[in-house]
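Before any comments, here is the structure.
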Amino acid sequence: ETIANQIAAGEVVERPVSVVKELVENSLDAGADRITVELSQGGITGIKVVDNGCGMSARDAELCFQRHATSKIRRAEDLNNILTLGFRGEALPSIAAVARVTLTTRTAGDLGGTVVHIEAGQIKEISPAGCPVGTTVEVRDLFFNTPARRKFLKSATVETGQVSDLMSRLAMARPDVRFELRSGGRVLFSSPGNGSLKDTAAGIFGTDNVRSMLEVNYQGRLLSLTGLISKPVLTRASRQYQNFFINGRYIRSGLVSSVLQQAYQTQIPAGRFPVAILHLTLDPTQVDVNVHPTKMEVRLAREKEVLEELLEALSKHLNLTGA
Ligand code: ADP
Ligand code: MG
């Protein structure tokens, strides 16, 4: 079991940013609308995620460290209709296998909370705790028991940068949630959490840049699309300012990116790329997110049709607005 967890951890937990991703996704799945992440030394010595989500009962707080103890998938059919960010039940046991973890949690229905302390997969302590409703997960000394892994960690600055990028993407994915990233007592990033993608993006790309972007709003047969795309005059030399979300999940997609490029056609010079934040909503039964443990790649049923409709929607939008 310990070995299996360490192997699974290799797929899910590569570095601090992957721990933060899993923990914050759990917070989102728990319905939190306020999530704070605090890093020590880029997350190498400490990562703390505090949420105001639904919390866990004492029993669930203990169970959640067992592999595949997900509360999110009940039946095999559910795998074809995934509405939560997590579903594999691997993140917490994987993280706990390679670090020292303290979970503090309480549900609204319980008077008291629970604290669970676990190190290298071994539960060291479970006891009642006074705490607010929600969950706090503290991860210390990542890879303390797997030195070979620890070697691949970069400097605190580099690890912090990756977490900061992740937090921006999460904020764009969920403008209704207030995110905050702290390090060494300083706030590195925060999002307004007021539901506005425009306000959220302004905090990331700058108010002036976002003011000049086009708002996209499209409801179609296979997909609906909302977001912001830059006018052809505002382009960048790389694709790194393109952010795509499918059903609220950040994804990397060369295909979506090339469709976007196609929509701009001859309006932008070669080697330049539009800035974009695009939220695609598709029928969840048509999206397979179970391709890779990090779920950053997805497979689409009827991919060709979806991409055609996307191209049509984006092209029409760029024409309509006379950009
Ligand atoms: P998954 O997210 O795939 O279900 P995890 O290992 O990430 O698996 O988490 C295991 C379970 O622990 C979740 O299914 C959920 O029930 C519970 N859990 C984890 N984090 C939180 C949280 N922040 N708030 C409430 N419940 C949580
Ligand atoms: Mg999870």
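Computed from the coordinates by the stated procedures, all read-outs in this text should not be read as laboratory data. Worth saying up front: this structure is predicted, and the values here are computed from it rather than measured. Virtual Cβ from ideal backbone geometry, glycine too; neighbours counted across all protein chains shown.
Name the residue from 296, 306, 241 whose Cα lies farthest towards the positive end of the charge dipole of the stretch 205-320, charges +1 on Cβ of Lys and Arg and -1 on Cβ of Asp and Glu.
241
When only Cα pairs under 8 Å and 6 or more residues apart are kept, what is the percent relative contact order across the stretch 133-197? Walk me through the intermediate numbers first.
Values: 58 pairs, mean separation 14.0, N = 65.
Contact order relative to length: 22 percent.
Charges only on Cβ, +1 for Lys and Arg, -1 for Asp and Glu: so what's the dipole of the chain about the Cα centre, in debye to the nearest 20? Let's see the in-between values first.
Details: 37 positive and 34 negative charges, 146 e Å.
The calculated dipole for the chain is roughly 700 debye.
Report the one residue of 284, 127, 261 whose Cα lies farthest in the direction of the positive end of the charge dipole of the chain (charges on C-beta: Lys and Arg +1, Asp and Glu -1; origin at the Cα centre).
So the residue we want is 261.
Given the Cα-Cα distance of residue 176 and residue 299 and 0.36 nm per residue of separation, how much length would full extension add, in nm?
Values: separation 123, 0.36 × 123 = 44.28 nm, distance 2.67 nm.
Taking residue 176 through residue 299 to full extension adds about 41.6 nm, to one decimal.
How high is the relative contact order of the chain? Use alpha-carbon pairs under 8 Å, at least six apart in sequence, and give a whole percent. Walk me through the numbers before you get to the answer.
Values: 660 pairs, mean separation 49.5, N = 323.
This gives 15 percent for the chain.
Any idea how many Lys pairs in the chain come in under 28 angstrom at the alpha carbon, given 8 or more places apart or on separate chains?
24
Once the Cα atoms of helix 303-320 and of the chain are each reduced to a long axis, what angle between those two axes, in degrees from 0 to 90 to the nearest 10, is obtained?
Approximately 60 degrees, to the nearest ten.
So what's the gap between the Cα centers of the stretch 112-171 and the stretch 192-216, to the nearest angstrom?
First find each Cα centre; the distance between them is then 31 Å.
Ratio of the stretch 2-190's C-alpha Rg to 2.2 N^0.38 Å, to two decimals?
Details: Rg = 15.6 Å, N = 189, 2.2 N^0.38 = 16.1 Å.
After normalising by residue count via 2.2 N^0.38 Å, the value is 0.97.
What does the charge dipole of the stretch 2-190 about its Cα centre add up to, to the nearest 20 debye, if the Cβ of each Lys and Arg holds +1 and the Cβ of each Asp and Glu holds -1?
On the way: 23 positive and 22 negative charges, 76 e Å.
My answer is approximately 360 debye.
Which residues in the stretch 106-149 place their backbone N less than 14 Å from a point set 7 Å from the Cα of residue 66 along the Cα-to-Cβ direction?
123
Report, to two decimal places, the Cα Rg of the chain normalised by 2.2 N^0.38 Å (N = number of residues).
Working: Rg = 20.6 Å, N = 323, 2.2 N^0.38 = 19.8 Å.
Normalised by 2.2 N^0.38 Å, the Cα Rg of the chain equals 1.04.
Among DSSP bridges having both ends in the stretch 171-292, what percentage is antiparallel? Round to the nearest 5.
80 percent
Could you work out the relative contact order of the stretch 2-190, using alpha carbon pairs under 8 angstrom and six or more residues apart, expressed as a whole percent?
Values: 402 pairs, mean separation 52.6, N = 189.
Relative contact order here is 28 percent.
Go ahead and estimate [θ] at 222 nm for the chain from helices alone: -39,500 (n - 2.57) per DSSP H run with n ≥ 4, summed, over the residue count, rounded to 500.
Values: 10 runs with 103 residues, N = 323.
The helix contribution divided over the chain gives -9500 deg cm²/dmol.
Highest mean first, what order results for 235-248, 271-284 on Cβ atoms within 10 Å? Each step should come with its number before you reach the end.
Details: 235-248: 16.5, 271-284: 19.1.
By packing density, highest mean first, the sequence is 271-284, 235-248.
Between residue 219 and residue 140, what length in nm is gained on full extension when 0.36 nm per residue of separation is reduced by their alpha carbon distance? Working shown, then result.
Details: separation 79, 0.36 × 79 = 28.44 nm, distance 4.52 nm.
Extra length from residue 219 to residue 140 when fully extended: 23.9 nm.
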